[in-house]
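First comes the structure, then the notes that go with it.
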Amino acid sequence: MKQETVHAEKVQIAYAGILAKATTLGIALVVLGYIVYVFQLLPLSVPIDQVAGNWHLRASEFHHKVPGAPSGWSCFSQAGKGDMLSYISIIYLGIVTMMCLVVAGFVFLREKNVIYTLFSFAQVAVLVLAAAGIVSGGH
Amino acid sequence: MGLKNVRARLLPGVLATLLFLMPRLALASGGAPADTTAWWVWVLGLFVFTFLLGIVAVIAGVGGGVLYVPIVSSFFPFHIDFVRGTGLFVALAGALSAGSPLLRKGLANLKLALSMSLIGSMSSIAGALVGLALPEKTIQMALGLTILGITVIMFLAKNSAYPQIGQPDALSKVLQIYGIYYDEHLKKDVDWQIHRTPVGLVLFTLIGFMAGMFGLGAGWANVPVFNLVLGAPLRVSVATSVFVLSINDTAAAWVYLHKGAVLPLIAVPSVAGMMLGTKIGAKLLTKVHTNVVRRVVITLLAVAGLRALLKGFGI
């Protein structure tokens, strides 16, 4: 019977390392942010009742009726509010993969693997453009 | 034996009937008037519901995202825009949590994932933009048809643990897509390579578009394409699917964030409930009859798909 051998490449180990740490931090941030939000430990930009009273509307109509609700990067202008803090923690989850891909890109670069260095940074570029709202309908 | 068979056939039927009838008593999403139930009742209910969904999803061997969107949009008063935005984060959080050990063990292959996700992530952005621009009824109809299609795939697909392929194609050689992993079942190393890479690229473009449009995690499509079309071993397909999903869903999630279709009040209990449920489900995996649960899930999906389709027709 063969003993288990790990065949993961260096780049995979590097990606896994940053992914594990970033995800653990993300889960902690999401939970903490939500506690601050729903228990109203900080003032809110929009009362919870107002959000719940309009969550049956289309997103565009919702923001028309509830103008202060977080959307895109607008949350950082009011980062001291409880609901914005919770929103920022969700935004963080959208950044984790980008961080991992940047690390993978540099490992591929060090290994002189041209194809996957290009693929990694091209993938980061697509996600950054989406995050910046350039290709994702942001304002 | 006989009793077991009756239970296995009866349970999905009873659940399906309940699911079909209950949303008529609860508030259906989309255009429904604001209700008077306290917000925390819905939020707590959502947490409990997604927790149960997480347990069922992992036992049935499906991603939580594909169950979340059709079922939550049937049972809860949230608009389908918010349900789709949250669905992407539910799938993303699950993929991020599962990812690290799969890479360390060499089961997931980053080169295979990156090759497919680059084009898939672009199409998922396009899908999300289209999905948020289309009228609600059209989305409901398309979602219903997609979910019914997924039900058929789940019912019919017979994955192959170790597909035999002839020669790897030229593109997969250029892209260095091959690997080796230790198979705990066979107790030996398994070498693998893939074929039909160009076909895979076309299919992942379509999958990305649909994932973005409906806010579904796309494991239901990624795995059969990796396994049955490209010829990757099942374990490699399942593990690599997690990474394609994390990249494609991240791209589409930004569209939903920028369009304001993610509400922390809904997203956080969903993500937390699903992640907790998935962990419990993984522990229960060896103790429950997975075939019965899988049948229940397929039935639930079929009914949720049918309901979405009827909603699309205004029925």
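Which one of these does A:ASN54 not meet: (1) in contact with a Lys or Arg (Cβ under 9 Å, 6 or more places away or on another chain); (2) within 9 Å of chain B (Cβ to nearest Cβ); (3) over 24 Å from B:GLY131 (Cα atoms)?
(3)
Yes or no: B:LYS173 over 15 Å from B:ASN227 (Cα atoms) and of a type in the set (Lys, Arg)?
yes
So which helices (runs of 4 or more DSSP H) are wholly in region A:1-96 and hold at least 2 residues that are more than 25 Å from B:ALA93 (Cα to Cα)?
Counting at least 2 such residues, we get A:48-54, A:59-65.
Name the residue, out of A:VAL96, A:VAL30, A:VAL107, that is within 18 Å of the chain's Cα centre (by Cα), surrounded by 17 or more Cβ atoms within 10 Å (Cβ to Cβ) and over 30 Å from B:VAL41 (Cα atoms).
That would be A:VAL96, the only listed residue that is within 18 Å of the chain's Cα centre (by Cα), surrounded by 17 or more Cβ atoms within 10 Å (Cβ to Cβ) and over 30 Å from B:VAL41 (Cα atoms).
Name every residue in region A:10-24 that is more than 7 Å from every other protein chain (Cβ to nearest Cβ) and either more than 22 Å from B:PRO269 (Cα to Cα) or free of Cβ contacts under 8 Å to residues at least 40 places away in the same chain (or both), in order of residue number.
Our first condition is that a residue be more than 7 Å from every other protein chain (Cβ to nearest Cβ); within region A:10-24, this holds for A:10, A:14, A:17-18, A:21-22, A:24.
A:LYS10, A:ALA14, A:GLY17, A:ILE18, A:LYS21, A:THR24, listed by residue number.
Somewhere in region B:86-108, is a residue more than 9 Å from chain A (Cβ to nearest Cβ), touching a helix residue (DSSP H, G or I) at 6+ places or on another chain (Cβ under 9 Å) and surrounded by fewer than 19 Cβ atoms within 10 Å (Cβ to Cβ)?
no
Check off (1) in contact (Cβ under 8 Å) with a residue 24 or more places away in the chain; (2) of a type outside the set (D, E, K, R); (3) closer than 30 Å to B:LEU310 by Cβ; (4) surrounded by fewer than 16 Cβ atoms within 10 Å (Cβ to Cβ) for B:PRO135 and give me the number that stays unchecked.
Failed condition: (1).
Being in contact (Cβ under 8 Å) with a residue 60 or more places away in the chain and either among the β-branched types (Val, Ile, Thr) or within 14 Å of chain A (Cβ to nearest Cβ) (or both) is the filter; apply it to region B:39-53 and report the residue that is surrounded by the most Cβ atoms within 10 Å (Cβ to Cβ).
Among those that are in contact (Cβ under 8 Å) with a residue 60 or more places away in the chain and either among the β-branched types (Val, Ile, Thr) or within 14 Å of chain A (Cβ to nearest Cβ) (or both), it is B:THR50.
Looking at region B:176-211, which of the residues that are surrounded by fewer than 20 Cβ atoms within 10 Å (Cβ to Cβ) and touching a residue at least 40 places away in the same chain (Cβ under 8 Å) is farthest from the other protein chains (Cβ to nearest Cβ)?
If we take residues in region B:176-211 being surrounded by fewer than 20 Cβ atoms within 10 Å (Cβ to Cβ) and touching a residue at least 40 places away in the same chain (Cβ under 8 Å), then B:LEU206 is farthest from the other protein chains (Cβ to nearest Cβ).
Kindly state which helices (runs of 4 or more DSSP H) lie completely within region B:212-315 and contain at least 2 residues that are within 14 Å of another protein chain (Cβ to nearest Cβ) and over 15 Å from the mean Cα position of the chain (by Cα). Can you show your working first?
Working: elements: B:219-224, B:234-258, B:264-284, B:290-312.
Of the helices (runs of 4 or more DSSP H) lying wholly inside region B:212-315, those with at least 2 residues that are within 14 Å of another protein chain (Cβ to nearest Cβ) and over 15 Å from the mean Cα position of the chain (by Cα) span B:234-258, B:264-284.
Of the residues that sit in region B:138-175 and are among the small types (Gly, Ala, Ser) and farther than 25 Å from B:SER74 by Cα, which one is surrounded by the fewest Cβ atoms within 10 Å (Cβ to Cβ)?
Among those residues, the one meeting the criterion is B:GLY166.
Can you tell me how many residues in region A:122-139 are of a type outside the set (Val, Ile, Thr), surrounded by fewer than 18 Cβ atoms within 10 Å (Cβ to Cβ) and in a helix (DSSP H, G or I)?
So the answer is 3.
Taken together, the values in this text are just the output of simple stated rules run on the coordinates, not laboratory data. Because the structure is predicted, anything quoted here is derived from the model rather than measured. Every residue, glycine as well, gets a Cβ built from its backbone with ideal geometry; the counts of neighbours run over all protein chains shown.
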